[in-house]
Amino acid sequence: MIPLEARSFQHRAEADRLRAAVEGGGTAVLSQVLTGMGGVGKTQLAADYARAAWNDGSLDVLVWVTASAQSAVVSAYAQAGVELCRADPDDPERAAKQFLAWLVPKPGQRPCRWLIVLDDVADPSDLIVHPDDPGTRYSLWPPASPYGRVLITTRRRDAALFGDGRRRIEVGLFTPAESVAYLSSVLKAHGRTEPVDQLTALAADLGHLPLALAQAAAYLIDSGNNAVVYRGLLADERATALADLTPDALPDEQATPLSAVWSLSVARANTLRPAGLARPMLHLAAFLDPNGIPQDVLTSEAARTHLAAHRVSVNVATTGEPAPVSCSDAAGALRALHRLSLIDHDPGIPHQTVRVHQLIQRTTRATLTHEQAGHFARAAAHAIMAAWPEFERDTALAQVLRANTHALAQHGEDALYLGAHRVLIRAAHSAGKTGQLAVAIDQFDHLVTATRSYLGSGHPDTLLARHHLARWRGGAGDAAGAARAYVELLNDTERVLGPDDPDTLNTRSALATWQGEAGDAAGAARAFAELLNDQVRVLGPDHPDTLTTRRGFAFWQGKAGDAAGAARAFADLLPDTERVLGPDHPDTLTTRHTLALGQGEAGDVTGAAQAYADLLPDTERVLGPDHPDTLNTRHTLATWQGEAGDAAGAARAFAELLNDQVRLLGPNHPDTLTTRSALATWQKEVRGVG
């Protein structure tokens, strides 16, 4: 029995690809394998192809087999053997073999034109029969014949399904246009209309998955709700389970609701080697960005710790600890999920190696208790942090990591904000450093609100969030506002943590910085001098924070008018910074930067230009060409290049820098605007305009 055609069946490009495989008037035929995730419409495409082939008179025999188990394939073949070959109905295996032999063309006999559809092959090994006697092993693959066609639908992507003249056709999601056309047609058939923009939005919410669209349309018809109401229910993941949005009667002979479509696939993937890891791997991926997850996140040490702890079949060592999971095991778990079409795993896409449909993610999260969801969300956060490089040389990778953090925050907010997980702080800082100042401010503002709600206004994590929020508000141009915020924060930090706590000392450092940025250079220098005495006493002279304060003191000492004293302080600081942190540490590079700046402000403009020229290649090597500190070094180098008499060179350098800043930071970033102004100044200098 061929499945009935779905309501408002959509003709798709895959159908044309199916028919295009038959060449030469049907005399040269490839076996075809339709593969894709559950719910994309493989069976409907196969049924459409089978009906068309039968109706155009090109077939003598059509056999449709529901091939979800080996016994079902044998039974269907046996039935065909009984009906076509007069096989013994009491010996199914013999009857199945007779049918397969009958398909082979015989000399002197009129050839039989046939099509066999094996729908929903669950396991490639089901097509090989292994009786007790090894000598009687046989294949259930139909024989090669110039007059026969084979069409298989499956969620599997195993290599065993392909090759030997079998053509693979990947069945994907509806296009946005197909999704809207489908929803409109189904609703119109029941006298319903919906605004196109709402249907477009609904299709996007459902990820253009045909099965999801079919069940959503049926739900709208049965319930009488409109698309706006349905989208609201769909968005409220905590209150509305996907199963609650399933219609009472499934459309188009569908056997299972959307929420259950992938459960069998997950179970099967979990049996593949390395056994027991596919399900916990999917638990991690379910909290991350469906559009792309770096493999390094899912194979990190944090991810492997999660996999080991939640392996379904754990080999327990004598210590009672779970067996460790290697990077190869974690990658194998990804391949197992890929083989069952639960994820797309493409190692050729370095930063977005893994993609997961959003409804598979939601269904996976729905199987978890609140406690499990929180635990797995934190594990995913640890995994992102483990893959986040200390220095963001690769801006594309940083963007993907931020996107994954954003997705994680949406689905695991309770677990992350309850402890102000550092991945939230890292992502917000990353956004700010790449020019997204408003994003950084919004995220830290939300973090302040959330930590106050979850932890209280006096919790150290709340104070830390306020610290970062003030920093980025200052970075966006509100230096006076940042200074006021730090004054308020310092009072609370001293009261909660005490005057000698490192966070209190850091707050004093930030306050001094923004006091200077707001115009009080002398006050900033005094504040850094006082702070330095306390940090030497509490942290020691070689602590990185102490070195940072020495740099701050020297900088504002110079800004307050003592350029020579600042130059001496920087000269004394540099060897200590190199000794403690190493020559390539960002703080060492920053110290070299400020030393060169002081050198220039003290009157040695040629020496400053040369120092920045020496610094730039080291900064590019350590931090990368797109890092904000690299851009800042280029800006300052161009400035002193011009001050040293090379106005034309300065103008060229600023022009090149402006292009990169517009690309990386955007046209309205404060640094971009500063560079634009400097470019105009030096261009006037080149033209001799006063």
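With (1) in contact (Cβ under 8 Å) with a residue 60 or more places away in the chain; (2) out of contact with any strand residue (DSSP E or B) (no Cβ under 8 Å at 6 or more places or on another chain); (3) among the small types (Gly, Ala, Ser) as the list, and residue 341 as the residue in question, which single condition is left unmet?
Against the list (1) in contact (Cβ under 8 Å) with a residue 60 or more places away in the chain; (2) out of contact with any strand residue (DSSP E or B) (no Cβ under 8 Å at 6 or more places or on another chain); (3) among the small types (Gly, Ala, Ser), residue 341 comes up short only on (2).
With 609, 644 as the choices, which residue is in contact with a Phe, Trp or Tyr (Cβ under 7 Å, 6 or more places away or on another chain) and surrounded by 15 or more Cβ atoms within 10 Å (Cβ to Cβ)?
609
May I ask you to say which residue of 157, 192 is of a type in the set (D, E, K, R) and touching a His at 6+ places or on another chain (Cβ under 7 Å)?
After ruling out the rest, the residue left standing is 157.
Just a yes or no: is a residue in segment 346-357 assigned to a helix (DSSP H, G or I), surrounded by 19 or more Cβ atoms within 10 Å (Cβ to Cβ) and not charged (D, E, K, R)?
no
Looking at segment 415-455, which of its residues are of a type in the set (Gly, Ala, Ser) and either modelled with pLDDT of 90 or more or over 19 Å from residue 394 (Cα atoms) (or both)?
415, 419, 420, 427, 428, 430, 431, 432, 438, 440, 450, 453
So which residues in segment 186-197 are farther than 15 Å from residue 223 by Cα and surrounded by 12 or more Cβ atoms within 10 Å (Cβ to Cβ), if there are any at all?
Scanning segment 186-197 gives 188, 189.
Among the residues that make up segment 179-202, is at least one of them closer than 30 Å to residue 414 by Cα and either modelled with pLDDT under 90 or aliphatic (A, V, I, L, M) (or both)?
yes
Of all residues in segment 652-673, count the ones that are modelled with pLDDT under 95, hydrophobic (A, V, I, L, M, F, W, C) and crowded, with 17+ Cβ neighbours inside 10 Å.
Number satisfying all stated conditions: 2.
All but one of (1) surrounded by fewer than 17 Cβ atoms within 10 Å (Cβ to Cβ); (2) without any contact (Cβ under 8 Å) to a residue 60 or more places away in the chain; (3) under 24 Å from residue 440 (Cα atoms) hold for residue 684, so report the exception by its number.
Going through (1) surrounded by fewer than 17 Cβ atoms within 10 Å (Cβ to Cβ); (2) without any contact (Cβ under 8 Å) to a residue 60 or more places away in the chain; (3) under 24 Å from residue 440 (Cα atoms) one by one, residue 684 breaks only (3).
Identify the single condition in (1) under 25 Å from residue 461 (Cβ atoms); (2) more than 43 Å from the chain's Cα centre (by Cα) that residue 505 does not satisfy, given that it satisfies every other one.
The failed condition is (2).
Going by what's in this entry, would residue 608 be described as touching a helix residue (DSSP H, G or I) at 6+ places or on another chain (Cβ under 9 Å), aliphatic (A, V, I, L, M), part of a helix (DSSP H, G or I) and without any contact (Cβ under 8 Å) to a residue 40 or more places away in the chain?
It is true that residue 608 is touching a helix residue (DSSP H, G or I) at 6+ places or on another chain (Cβ under 9 Å), aliphatic (A, V, I, L, M), part of a helix (DSSP H, G or I) and without any contact (Cβ under 8 Å) to a residue 40 or more places away in the chain.
If residue 249 passes every condition in (1) free of Cβ contacts under 8 Å to residues at least 12 places away in the same chain; (2) more than 22 Å from residue 339 (Cβ to Cβ) but one, which one does it miss?
Of (1) free of Cβ contacts under 8 Å to residues at least 12 places away in the same chain; (2) more than 22 Å from residue 339 (Cβ to Cβ), only one is false for residue 249: (1).
What is the number of the single condition among (1) at pLDDT below 90; (2) not in a loop (DSSP other than H, G, I, E, B) that residue 109 does not meet?
(2)
State all residues of segment 590-606 that are surrounded by 21 or more Cβ atoms within 10 Å (Cβ to Cβ) and hydrophobic (A, V, I, L, M, F, W, C); if no residue qualifies, say none.
If the condition is that a residue be surrounded by 21 or more Cβ atoms within 10 Å (Cβ to Cβ) and hydrophobic (A, V, I, L, M, F, W, C), then 595, 596, 597 are the ones that fit.
Would you pick out the residues in segment 65-94 that are among the β-branched types (Val, Ile, Thr) and more than 19 Å from residue 149 (Cβ to Cβ)?
Scanning segment 65-94 gives 74, 82.
Return the total of residues in segment 163-187 being assigned to a loop (DSSP other than H, G, I, E, B) and touching a helix residue (DSSP H, G or I) at 6+ places or on another chain (Cβ under 6 Å).
Matching residues across segment 163-187 total 2.
Hey, can you tell me all the residues within segment 162-185 that are surrounded by fewer than 21 Cβ atoms within 10 Å (Cβ to Cβ) and either of a type in the set (Ser, Thr, Tyr) or in contact with a Pro (Cβ under 9 Å, 6 or more places away or on another chain) (or both)?
Of everything in segment 162-185, those that are surrounded by fewer than 21 Cβ atoms within 10 Å (Cβ to Cβ) and either of a type in the set (Ser, Thr, Tyr) or in contact with a Pro (Cβ under 9 Å, 6 or more places away or on another chain) (or both) turn out to be 175, 178, 184, 185.
The values are calculated or read from the model by the stated rules, or taken from the named source; none is laboratory data. Because the structure is a prediction, the values reported are computed rather than measured. In this analysis, Cβ positions are derived from the backbone assuming ideal geometry, glycine residues included, and neighbour counts consider all displayed protein chains.
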